[in-house]
Amino acid sequence: MSTPNVEAVKLDELNCWRIRHGQAELLVAQQGAHILSYQLAGQPPLIWLNDEAVFKTGKSIRAGVPVCWPWFGNFARNPQSVQAMRVSEEPAAAHGFVRATDWELGGIEAEGESLKVEFLLPYPEGGFPGWPHQVDLTLSIRMDDQLHISLTSHNRGAETVSISQALHSYFAVSDVRNVQVEGLDGLSYIDTTQDWSTATQAGNLAFTGETDRIYLNTPAKLSIVDAAWERRIELTSSGSRTAVIWNPWIERAAAFSDMADDGWQRMLCIETANVMDDVVNLAAGASHTLGVSIGSKSL
């Protein structure tokens, strides 16, 4: 059993850890329990660390695997049950509030040939501002021959809590114009770039412009096929029936202050999610785990 190598590092204002285990290297920030990058020795990264990402206290990071919780995306686009959980007149930040909050490192420990890293979201005195529900949140990261990420919500309150959420994974690709996503054929999706209209996927998904789609009733397995890098990134999800696939393309990327104008070419988001009709209704005492395992194979 190899001993993990853990190094505390600081990226601008944020405390991070660089963790090496076997052939894998993981970079994770305390703020948001945010995985920033992951790669295997001698290979291109699997998780994309944006060269222009900003590492400032209280600012969400456009890279890696942001945790979106307890709502996803534009708050007003969430189902009424999720909106009803919030009691505030203040504008609601997109993707919830935990990705800009410091988490507690619960531990880093070897388990056989794998390594487990656990983060806990501290429950503030008086509860979360505008969201008065007693839900414990844990992010677990396990490294073996794959990267396994799981987000567990445990409702220790007396009332049912409705949440939408996502592991907003940015995958590194050689050029998004030359990759395809397998496993979507025949699925219905909502196209947010076409006024939230519904359509049906035919064949593999290729990319020719801005893409922002919510795929419904997705299978557990999806793949990114990247011929230039001669690899297939395989995603295996659990606790999820929706996947959000996003790339900002030219105009949207140019408007981002924290992404290079051509940064869109090197990334593709496939977000393991609970959104739309797939929201999680947590009864008192109940738990739910949203998870994804990420691996790669040669083509």
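The values are calculated or read from the model by the stated rules, or taken from the named source; none is laboratory data. What you see is a predicted model, and the numbers here were worked out from it, not measured in a lab. When we count neighbours, we look across all protein chains shown, and the Cβ atoms used for this are built from the backbone with ideal geometry, even at glycine.
In the list Glu89, Glu125, which residue meets the criterion of being part of a loop (DSSP other than H, G, I, E, B), of a type outside the set (Ser, Thr, Tyr), within 30 Å of Ala8 (Cα to Cα) and without any contact (Cβ under 8 Å) to a residue 12 or more places away in the chain? Before the answer, list the steps.
On the way: Glu89 fails: within 30 Å of Ala8 (Cα to Cα).
So the residue among Glu89, Glu125 that is part of a loop (DSSP other than H, G, I, E, B), of a type outside the set (Ser, Thr, Tyr), within 30 Å of Ala8 (Cα to Cα) and without any contact (Cβ under 8 Å) to a residue 12 or more places away in the chain is Glu125.
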Reported set for segment 128-148 where residues are assigned to a strand (DSSP E or B) and more than 25 Å from Leu235 (Cβ to Cβ) is Phe128, Trp131, Val135, Asp136
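Results for (1) under 14 Å from Glu182 (Cα atoms); (2) surrounded by fewer than 20 Cβ atoms within 10 Å (Cβ to Cβ), shown as yes or no for each residue.
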position: Pro219; (1), (2): yes, yes
position: Ala227; (1), (2): yes, yes
position: Ile245; (1), (2): yes, no
position: Phe256; (1), (2): no, yes
position: Gln265; (1), (2): no, yes
position: Val275; (1), (2): no, no
position: Ala286; (1), (2): no, yes
Restricting the search to segment 60-118, which residues are of a type in the set (D, E, K, R) and surrounded by 15 or more Cβ atoms within 10 Å (Cβ to Cβ)? Arg62, Arg77, Arg86, Arg99, Asp102, Lys116, Glu118
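Out of Ala260, Ala273, Ala228, Ala243, report the one residue that is assigned to a strand (DSSP E or B) and out of contact with any His (no Cβ under 9 Å at 6 or more places or on another chain).
Step by step, each of Ala260, Ala273, Ala228, Ala243 is checked, and only Ala243 is assigned to a strand (DSSP E or B) and out of contact with any His (no Cβ under 9 Å at 6 or more places or on another chain).
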Looking only at segment 82-138, which residues are of a type in the set (Val, Ile, Thr) and at positive phi? none
So, Asp145, is that one over 17 Å from Pro66 (Cα atoms) and of a type in the set (D, E, K, R) or not? yes
Based on this model, can you work out whether Ser293 counts as farther than 22 Å from Pro66 by Cα and either surrounded by fewer than 18 Cβ atoms within 10 Å (Cβ to Cβ) or modelled with pLDDT of 95 or more (or both)? no
Collect the residues in segment 152-196 that are under 29 Å from Val82 (Cα atoms) and touching a Phe, Trp or Tyr at 6+ places or on another chain (Cβ under 7 Å), keeping them in residue-number order. Ile163, Ser164, Gln165, Ala166, Tyr170, Phe171, Leu184, Leu187, Tyr189, Ile190
Please state which one of Ile214, Ile250 is assigned to a strand (DSSP E or B) and either at pLDDT below 95 or aliphatic (A, V, I, L, M) (or both). Ile214
Checking the conditions here, which among Ala202, Ala158 is among the small types (Gly, Ala, Ser), touching a residue at least 60 places away in the same chain (Cβ under 8 Å) and out of contact with any strand residue (DSSP E or B) (no Cβ under 9 Å at 6 or more places or on another chain)? Ala158
Across segment 1-42, what is the total count of residues that are modelled with pLDDT under 95, touching a strand residue (DSSP E or B) at 6+ places or on another chain (Cβ under 7 Å) and part of a loop (DSSP other than H, G, I, E, B)? 4
Return the total of residues in segment 154-180 being touching a helix residue (DSSP H, G or I) at 6+ places or on another chain (Cβ under 7 Å) and closer than 24 Å to Gln134 by Cα. 3
